[in-house]
Amino acid sequence: YKDVRIEIKEYKTQQKEFIKYLEDKIKEEKDNLEKLCELCKIPKENNGAYKFAYSYIKKIEEILQKYKEIIGVSNDY
């Protein structure tokens, strides 16, 4: 029983680390996107690089949401 509890605790720790990694990645990419916009001085709607980066960020956010849904974690986690 004790081994199972330790294993569950390890899984929970791994889940938290993965969620933190994805949240940090989203923040990093959003910061990069803002820098890109400042440097390019091209309207977002006409900027292919912006659209690509934005879709990449949205995809990471979708993955994070689905992962949280699968493991039963709230967004306040």
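The values are calculated or read from the model by the stated rules, or taken from the named source; none is laboratory data. These figures come from a predicted structure and were not determined experimentally. Please note: Cβ atoms are built from the backbone with ideal geometry, for glycine as well, and neighbour counts cover all protein chains shown. For the accessible areas, the whole protein counts, side chains as well, though only heavy atoms, and no ligand, DNA or RNA atoms are used. Shrake-Rupley method; radii C 1.70, N 1.55, O 1.52, S 1.80 Å.
Okay, here's what the table says:
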item: Rg followed by Dmax, in Å, when the chain is reduced to its Cα trace; result: 17.3, 60
item: Value of [θ]222 nm, deg cm²/dmol, for the chain, DSSP H segments ≥ 4, -39500 (n - 2.57) each, nearest 500; result: -29500 deg cm²/dmol
item: Per residue accessible area in Å² of the chain, where ligands, DNA and RNA are left out and the probe is 1.4 Å; result: 82
item: Estimated FRET transfer efficiency (K9, E34; beta-carbon r; R0 30 Å; 0.05); result: 0.20
item: Nearest-10 value in Å² for the accessible area of K20, using the 1.4 Å probe; result: 110
item: Anisotropy class of the stretch 19-59 from Cα gyration tensor, a/c 1.5 cut; result: oblate
item: All aspartates and glutamates inside 14 Å of K9 as judged from Cα atoms, apart from same-chain residues fewer than 8 positions distant; result: E17
item: Lysines whose Cα lies under 25 Å from that of K44, excluding same-chain neighbours fewer than 8 positions away; result: K25, K27, K30, K35, K58, K59
